[in-house]
Structure formats: structure tokens, C-alpha cells
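Heads up: the structure comes next, in C-alpha cells.
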Amino acid sequence: MHLQELINDYLTFTRNERIALLVICCITLTTVFLPGIIGTSANSLPYEIDSSGLNAIQIAENNKPENRTKYINRKDERGSQFENRGLPVRRQLNLFYFDPNTLTYEGWKELGLTEKNIKTILNYRKKGGYFYKAEDLKKIYGLNQKDYESIVPFVKIIKLKDEKKQIVGKDSTGFTSQSTGIKNFRHFSIIDINSADTTSFISLPGIGSKLAARIVIFREKLGGFYSINQVSETFGLPDSTFQKVKVYLEIKNHELRKININEATIDELKAHPYIKWNLANPLIAYRNEHGAFSSIEEIKKIPSVSNELFTKIAPYLVTQ
């Protein structure tokens, strides 16, 4: 009897306890299954996307610095695609004074002309064609009218007999006043490349302070220029810029600083831009083995001295 009473006390529920247990089960089942039922119903309902909100988010993303760069690159890619498809792409013109009879391929390229136009011009000159006046550029088949109108004010045809005279050209900001008819001009003077200082070189079109300093330093290392074309060898000087300033250069002072190859040390020889170490070492070795040079032509016996190199360095050498 004692065991039966114990079982009845622990395993028998009163009416209130049964109701409480039923309520707990209902709450538990609702908590477990209700989220799944609601989620399924919500996913099955149709809805519309607010495109204006998405567009606003997209614009904000594109305005971020890192994304703006990507957007610009994509635009550039599209531009190149259009160009490949043959669609017109706006080209940037870098205008400067030039002589169409002497301007190089690189110079025409810098002006912004197309490859087809440049080839036509070069072929025209190669066959003996000559531009006597700026309007002669109209002879170039396929030259865009807008390109022609842009570059024609900068044409300066230099005649051989006028090369030593002062060149007068319209300024890059030159214009004709409608009220007075007065034009603005900029004057470029001919300079002696062996005596000109950096200020003189800076006065030329396209030459800044750095290029001017490099030209003067290169001249001092050489010992002077014996040819105007030597200026083009200056480090960092674009050929297009040299072609622009070439007509303003001359040599009045032909004196060069020469090196005595029978007395010069290896360091003195290596300091010269045309000799350097690759010629200085064999030159000293030949002198030590065969004695003093009797003439400048004797250095041709050195295997590394070609005819071209000899012509280049000979004006700077003496034997006594």
C-alpha cells in the first residue's frame, strides 16, 4: 500500500495541472513550427522591387573614389571599343609651331593627326612634294577640316635663306582683335648653342628649366657642340620638341674643349659622354702597350672604335 500511494502522489495529475501541461505543449509547438509557416507564406507572396531605391544606392556606390576610378576605366574601355568599331573618337590636339616640310612622324603624332593623315603627308614629301604656304595642307587627302583649321595658324615655313634671321611667330594665345585689328606676337631669337645660358634656352618653345639645364650640362661634359643635331641627344629632350626649336639654333663659337689622348687619365676619358668606360679602358690599354698615339686616326686600330664612333669623337681629341 505504501508503494501504491507513492506512485499515485507522483504520477497522478490534478485537473489544473493537466490544463497547465496542455498549455505548455501548445506554446512549445507554436514556437517551433510558426516561423516556418510564416516564412513560407511570405515567400509565396508577390512583391515589387523599388528600382528608384536601388538606383540611388548604385549612384552612391559609383561616387566613391575607388568605384569612380573603375567607372572611368569602363568608360575608357567603351571608348576604345567604339574606336575599334570605326566610330569617331575625339582626339586631343597638342598644338605648337611647326614647319610641315621638316616635321617628323612623332611631331605630326603629337599634333594629333591620324596615322592615315601622317602617312599621306610623309609620302607626299617623299615624292618631292613641298608646302610653300600653310594653305597647301589642304592638298592632304583625308585631312579633317576641323584638324586643318586647328593646326594651320601654327604653320611656320622656314626658308633656307631666312634661317639666320629672327623668327617671328604668333603666340599660342595670339588672336586678332575685332576692334583694333592688332595681333599679339611672340618673338623667338636665334641663339648660339655653345654660348647660350639656361635663360636663353628657356626662351625657346617647349623648353623648360629642367631641359635647359640638361642641355647646358650635356654641352659642358662634351666640351661644346660641333653640330646642332647634337642638342637632340640631350637626355629627356623629345624629338618633337627638338624639331620645334631646331630652326632657332646656330653655332657661332666653334671652339671645343679637347682631350689629349696621350696624357689623359682613365677618369678624364670616362667623363666624356662619347667615350665613357667602354672606350676609355681599351684606349688606355692600347696606349700602354704601343706607346703614345702619333695621330688621332690611330685609335681606329682599337677594335671597339667603328668609323661612326671615330667621326663622332674625333673633334674632341688631340695627340699633343
Next on the checklist: For the ranges 97-108, 201-212, what's the packing order if you count other beta-carbon atoms within 10 Å of each residue, average per peptide, and put the highest first?
Outcome noted: 97-108, 201-212
Checklist outcome for this item: Here FRET efficiency (C-beta to C-beta, E268 to I158, R₀ 51 Å, nearest 0.05) is 0.80
Checklist outcome for this item: Net charge (Lys, Arg +1; Asp, Glu -1) of residues whose beta-carbon lies under 12 Å from that of R219, R219 excluded, is -1
Checklist entry - Going down the list K119/K146; K139/K244; K221/K300; K252/K300; K244/K276, which pairs span over 26 Å between their C-alpha atoms? => result K252/K300; K244/K276
Checklist outcome for this item: Residues whose modelled amide H sits under 5 Å from the amide H of N194, counting only those 5 or more places away in sequence or on another chain, are K252, N253
Checklist entry - In what sequence, highest mean first, do 288-300, 240-252 appear when ranked by Cβ atoms within 10 angstrom? => result 240-252, 288-300
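Here, each number is a calculation from the coordinates, and none is a lab measurement. Here the structure is a predicted model, which is why all the values come from computation and not from measurement. Virtual Cβ from ideal backbone geometry, glycine too; neighbours counted across all protein chains shown.
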